Structures are given as structure tokens and as C-alpha cells.
Amino acid sequence: MLLINLLPHREARRRQRRQAFRHSLAVSAGAGLLLALLGCAGLQMRTAAQERRNDLLSAGSAALDAPLQAAARLRADVAALQARQDAWAAAQAERLRPVRLLQALARHTPAGVQLTALRQRGEGATLSGTALDSPGVAALTEALAQAAPALPPPALVEMKAVAAPGSEPRRRFDFTLELRLQPLARAASGVAGGEAPGAGRAGKVAS
């Protein structure tokens with residue numbers, strides 16, 4: 001059975017319900033749009049505040065970097081100056097080595113011993129000479145060993161008896177000694193500390 005509703009008030013109620021639905025839909029859409037705008041504005045405000053904090057942190061970091069960079073440059077300058085000072089001290093010590101060695105030999109060469117040659121090779125030196133007797137060579141070796149107790153004692157490489165020139169039948173002894181010089185690092189520290197070339201014990205001259 002087919003029922004047809006021809007009552008006009010029901011149609012009017014349907015129209016009212018549709019209008020109310022459209023109105024509520026429009027209000028909901030407007031409220032959603034407003035909330036979205038408010039959320040976007042709030043997000044932008046928080047982003048701007050975070051950017052301001054980041055800018056402050058960057059400025060503070062840059063302010064801290066300036067003294068750190070200055071300190072790094074100062075350390076580099078001090079290191080370069082120390083390197084130049086060490087090089088100068090090493091050069092001075094190397095230059096004074098022969099002088100100190102000759103001073104030591106002049107002070108500790110006993111009577112009857114004549115030195116004829118001195119050759120330096122790195123941290124060592126070869127000393128040649130002639131003596132009237134073998135005790136003179138032993139006395140020279142002992143004197144040089146006592147003058148430099150921190151270094152190895154001189155080593156006798158060769159000693160031989162030869163005929164002395166002249167009419168009298170005399171003999172002399174030609175000898176060769178190996179000397180150990182003071183290490184260059186200690187010699188350089190002595191120069192940097194203001195030690196005079198002839199100061200200290202004679203063994204230090206073998207530096």
C-alpha cells in the first residue's frame with residue numbers, strides 16, 4: 001500500500017531541520033577555521049620566540065668564541081716563540097761546544113802531554129796527542145773523567161811508543177782518546193739558563 005504525505009507542516013519541519021543542519025555545519029566549519037587560525041598564530045608565535053632564543057644563544061656563543069680564539073692564537077704565538085727560543089739555545093750550545101771542550105783540555109792537560117789533533121763527530125770527539133810517558137796519558141784520561149762524571153769516561157783507542165826526534169835515544173807515546181760530549185739538549189738548557197761558556201766544572205766544557 002502506497003502512502004502519500006500531503007501535510008504541509010511536515011514539509012516545513014523538514015526544511016527547518018535542513019536549515020538548522022546547514023547552520024550548524026557552517027558554525028562548525030567557522031569554528032574549525034578559527035581554531036586552525038589560532039593554532040597557526042600560536043605556532044608562529046612559538047617559532048618566533050624560539051628563533052629569538054636561538055639568536056640570543058648564537059650571540060652568546062659568538063661572544064664566547066672571541067676570547068677562545070684569542071687564547072688559541074696566544075697559545076700558538078707562545079709555542080712559536082718557545083720553538084724559536086729552543087732553536088736559538090741549541091744553536092748557541094752547538095757553537096759553544098768547541099770552545100768549552102778546548103777550555104777543558106787547556107785546564108786538564110798535564111805536564112808532559114801535548115795535544116796534536118781534535119776532531120768532533122756529532123756527540124763524540126777524537127783527541128790525539130803525544131806524551132813523554134804512559135802515566136801522562138793515564139793522568140789526562142783520569143782528569144777528563146773526573147771533570148765530567150755524568151758522561152762516559154774517555155776511552156783509550158790507541159797508544160804506541162815511537163822514537164822521539166833528536167840525538168838522545170828517547171821515546172814518546174802517541175795516543176788517541178775517544179770523548180763523549182755532553183748531550184745537546186742539556187747543553188742547550190745550560191745556555192738558556194744563562195750559564196757562562198767557561199762556568200762550572202771542566203767536563204761541562206765537553207758539551
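Note down the nm distance, to one decimal, between modelled labels 7 Å out along Cα→Cβ at Glu94 and at Arg107.
2.6 nm
Going by C-beta contacts inside 10 Å, put Leu37, Leu179 in order with the fewest on the left.
Leu37, Leu179
Taking other Cβ within 10 Å of each residue's Cβ, how do Val99, Val137 sort, fewest first? Each step should come with its number before you reach the end.
Working: Val99 13, Val137 23.
Final ranking by Cβ density, sparse to dense: Val99, Val137.
Determine the relative contact order of the range 1-155: mean sequence separation of Cα pairs under 8 Å and six or more apart, normalised by residue count, in whole percent.
Relative contact order, the range 1-155: 11 percent.
Please give the direction-averaged projected area of the C-alpha convex hull for the range 70-146, in square nanometres with one decimal.
6.6 nm²
How much net charge surrounds Glu158 when only other residues with a Cβ under 11 Å from its Cβ are counted (Lys, Arg +1; Asp, Glu -1)?
-1
Among Asp133, Asp55, rank each residue by its count of other Cβ atoms within 10 Å, from fewest to most, as a rough exposure measure. Kindly include the intermediate steps, with their values, before the conclusion.
Numbers: Asp133 14, Asp55 10.
With the fewest neighbours first, Asp133, Asp55 line up as Asp55, Asp133.
How high is the FRET efficiency between Arg18 and Ala41 when r is their beta carbon distance and R₀ equals 41 Å, given to the nearest 0.05?
Efficiency, rounded to the nearest 0.05: 0.75.
Every number here is computed from the coordinates shown, using simple stated rules; none is lab data. Computed from a predicted structure; not experimentally measured. Virtual Cβ from ideal backbone geometry, glycine too; neighbours counted across all protein chains shown.
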